[in-house]
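K.L.:
This is the structure, below, for whatever I ask next.
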Amino acid sequence: MAVLDDVKLLLDISDEDTDMDKKLELIIKNAERQVLSYLPSRLKEVPDALSYIVCELSVTRFNRLGNEGMSSYSQEGESITYGDDISPYLSAIQAWNKKQQDNTRGVVQFL
């Protein structure tokens, strides 16, 4: 799973460290579902062009573990504010959807 490798790289988790793999795989699966919910229903997998979003959402979600349900967090001068994780990527998803609609003109599909 290439996304798992990318997520582990971004989180500085070595390939040999497999203790977190099940948790990361669940986070990645949920991120894929979240991205797919904004794509046409005929798609069963996140397209390669949008796979970076799954990776970024997974890292964001992993970093939020233990702070679920919070809108902000502060400790010893450090302050973190949580927002909607996918909102920064909606314009990219919408652009991809539009590009796919534009590409369907003149295409024959056999069912």
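K.L.:
From the set of residues in region 43-72 that are charged (D, E, K, R) and part of a helix (DSSP H, G or I), which is modelled with the lowest pLDDT?
P.N.:
Ranking the qualifying residues of region 43-72, first place goes to R64.
K.L.:
Could I ask something else about it? Hey, among the residues in region 1-18 that are of a type in the set (D, E) and without any contact (Cβ under 8 Å) to a residue 24 or more places away in the chain, which one's least open to solvent (accessible area, probe 1.4 Å)?
P.N.:
Looking at residues that are of a type in the set (D, E) and without any contact (Cβ under 8 Å) to a residue 24 or more places away in the chain, I get D17.
K.L.:
Search region 19-42 for residues being surrounded by 12 or more Cβ atoms within 10 Å (Cβ to Cβ) and in a loop (DSSP other than H, G, I, E, B), and hand back the single one that is modelled with the lowest pLDDT.
P.N.:
M20
K.L.:
Here is a follow-up. Name the residues in region 73-97 that are surrounded by 10 or more Cβ atoms within 10 Å (Cβ to Cβ), modelled with pLDDT of 75 or more and in a loop (DSSP other than H, G, I, E, B), would you?
P.N.:
D85, I86, listed by residue number.
The values are calculated or read from the model by the stated rules, or taken from the named source; none is laboratory data. Since the structure is predicted, the reported quantities are computational estimates derived from the model, not experimental observations. Cβ atoms come from the backbone with ideal geometry, glycine included; neighbour counts cover every protein chain shown. Accessible surface is based on the protein model in full, side chains and every heavy atom, while ligands, DNA and RNA are left aside. Shrake-Rupley method; radii C 1.70, N 1.55, O 1.52, S 1.80 Å.
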